[in-house]
Amino acid sequence: MSNQEIVEIMDIPFNKLTENELLQQHLYPRINANKRTYIVTANPEIVMQTRVDAIYKKSVKSADYIIPDGAGIVKASKILGNPIEERVTGFDLMFKLLSYAEKHNLSCYFLGAQQEANDRAVSRVRNSYPGIRIAGSHHGYFNNDEEIAKQVAAAKPDLIFVAMGFPRQENFIAAHLHLFEKGVFMGVGGVFDILAGEVKRAPRAWIKLNLEWLYRLIKQPFRWKRILKAFEFMFRIMIRK
Ligand code: UDP
């Protein structure tokens with residue numbers, strides 16, 4: 001991809017496409033052509049993790065698309081003088097892809113979260129998107145990665161959502177992508193828990209004000225260390241300039 005389409009933030013090449021461009025010009029055509037595609041939705045915490053974890057950095061950088069899932073990433077791109085137009089959240093992208101899958105009768109695999117949350121998330125998808133074929137599902141607490149990856153591959157899904165949190169989900173995808181002939185792969189973090197109704201997403205107004213991090217901090221205070229990483233990220237971007 002050309003420089004106009006990419007901005008390097010702490011050595012991570014982010015896509016500058018809007019959500020609409022990404023879907024219409026890249027993802028939908030790739031799905032239709034059965035092209036294998038790996039998407040990372042990266043926020044400041046993920047970028048910070050790549051600085052201290054070389055294996056994870058390799059997993060992230062092997063993606064076809066790294067999308068800016070965080071107001072901090074958009075802000076950083078502006079500070080660095082190569083602005084990204086808009087934030088593209090993994091959450092919204094997943095639901096756009098589900099709608100597309102519904103329309104085109106595609107098959108989806110749901111890998112990750114606790115068994116109960118996974119079951120509930122899949123049944124929500126089944127009810128809300130009856131046109132989707134469920135290729136399969138599996139909880140996210142296993143050690144036999146190779147075996148599970150082969151099971152997923154045998155189902156030949158068009159879309160594979162991996163909800164095991166970072167760095168686990170990206171490491172898993174990057175290590176097993178070669179087993180697949182097609183499929184859009186995407187790490188979606190805690191989204192199955194939200195779908196299952198176990199965790200609430202921040203209200204739209206908070207997201208618009210770029211305060212999703214604050215909402216999560218209030219709801220899940222044990223995350224404070226991760227939030228601190230996001231602040232360190234901003235600080236490092238500013239002093240770099
Ligand atoms: N999880 C999993 N396997 C693991 C660790 C975590 O399936 O080995 C799941 C966990 O149940 C939760 C999600 O991964 O549903 C992580 O959510 P979180 O909001 O922490 O995602 P992150 O912000 O790290 O992407």
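Asp158 versus (1) within 16 Å of the ligand (Cβ to nearest atom); (2) in contact (Cβ under 8 Å) with a residue 60 or more places away in the chain: which is the lone unmet condition?
Result: Asp158 passes all but (1).
Sort out which residues of segment 52-61 are assigned to a helix (DSSP H, G or I) and either surrounded by fewer than 19 Cβ atoms within 10 Å (Cβ to Cβ) or without any contact (Cβ under 8 Å) to a residue 60 or more places away in the chain (or both), and write them in order of number. Before the answer, list the steps.
Within segment 52-61, the first condition is being assigned to a helix (DSSP H, G or I), and the residues that meet it are 52, 54-61.
Result: Val52, Ala54, Ile55, Lys57, Lys58, Lys61.
Identify all residues within segment 199-217 that are open to solvent by 90 Å² or more (accessible area, probe 1.4 Å) and away from the ligand (no atom under 15 Å from the Cβ); write none if there are none.
Arg204, Lys208, Leu209
Scanning for something β-branched (Val, Ile, Thr), within 14 Å of Phe185 (Cα to Cα) and modelled with pLDDT of 95 or more, does segment 109-123 turn up at least one residue?
Residues of segment 109-123 β-branched (Val, Ile, Thr): 122.
Cutting the leftovers down to within 14 Å of Phe185 (Cα to Cα) gives us none.
Checked against the condition, which is being β-branched (Val, Ile, Thr), within 14 Å of Phe185 (Cα to Cα) and modelled with pLDDT of 95 or more, segment 109-123 yields no hits at all.
Per-residue answers, yes or no, for (1) touching a residue at least 40 places away in the same chain (Cβ under 8 Å); (2) within 26 Å of Pro68 (Cα to Cα); (3) in a helix (DSSP H, G or I):
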position: Phe142; (1), (2), (3): no, no, no
position: Glu147; (1), (2), (3): no, no, yes
position: Gln151; (1), (2), (3): no, no, yes
position: Lys182; (1), (2), (3): yes, yes, no
position: Met186; (1), (2), (3): yes, yes, no
position: Asn210; (1), (2), (3): yes, yes, no
position: Arg223; (1), (2), (3): no, yes, yes
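Taking segment 169-180 on its own, how many of its residues are within 20 Å of Asp92 (Cβ to Cβ) and either touching a residue at least 60 places away in the same chain (Cβ under 8 Å) or of a type in the set (Lys, Arg) (or both)?
Qualifying residue count for the region: 2.
If you check Gln49 against the conditions, is it open to solvent by 20 Å² or more (accessible area, probe 1.4 Å), more than 16 Å from the ligand (Cβ to nearest atom), assigned to a helix (DSSP H, G or I) and of a type in the set (S, T, N, Q)?
Taking the combined requirement at face value, the residue does not satisfy it.
Hey, does segment 85-97 have a residue that's in a helix (DSSP H, G or I) and of a type in the set (Ser, Thr, Tyr)?
No, every residue in segment 85-97 fails to be in a helix (DSSP H, G or I) and of a type in the set (Ser, Thr, Tyr).
Name the single residue that is most open to solvent (accessible area, probe 1.4 Å) among those in segment 62-82 being farther than 17 Å from Glu45 by Cα and free of Cβ contacts under 8 Å to residues at least 40 places away in the same chain.
Lys78
Suppose the filter is modelled with pLDDT of 95 or more, under 28 Å from Leu179 (Cβ atoms), of a type in the set (Val, Ile, Thr) and within 16 Å of the ligand (Cβ to nearest atom); does Val88 pass it?
yes
Is it true that some residue in segment 168-181 is loosely packed, with under 15 Cβ neighbours inside 10 Å, within 17 Å of Thr41 (Cα to Cα) and away from the ligand (no atom under 11 Å from the Cβ)?
no
How many residues, within segment 182-197, are within 15 Å of the ligand (Cβ to nearest atom) and at positive phi?
The number of residues fulfilling the criteria is 2.
Condition (residue is more than 12 Å from the ligand (Cβ to nearest atom), in a strand (DSSP E or B) and within 20 Å of the chain's Cα centre (by Cα)) applied to segment 110-130: is it met by at least one residue? Outline the logic, then answer.
Taking segment 110-130 as the starting set, the residues that turn out to be more than 12 Å from the ligand (Cβ to nearest atom) are 119, 122-130.
Checking the rest, the ones that are also in a strand (DSSP E or B) come to none.
No, segment 110-130 contains no residue that is more than 12 Å from the ligand (Cβ to nearest atom), in a strand (DSSP E or B) and within 20 Å of the chain's Cα centre (by Cα).
The values are calculated or read from the model by the stated rules, or taken from the named source; none is laboratory data. All values reported here derive from a predicted model rather than from experimental measurement. Neighbour counts are summed over all protein chains in view; Cβ atoms, including those assigned to glycine, are modelled from backbone coordinates with ideal geometry. Ligands, DNA and RNA are excluded from the accessible area calculation, which covers all protein heavy atoms including side chains. Shrake-Rupley method; radii C 1.70, N 1.55, O 1.52, S 1.80 Å.
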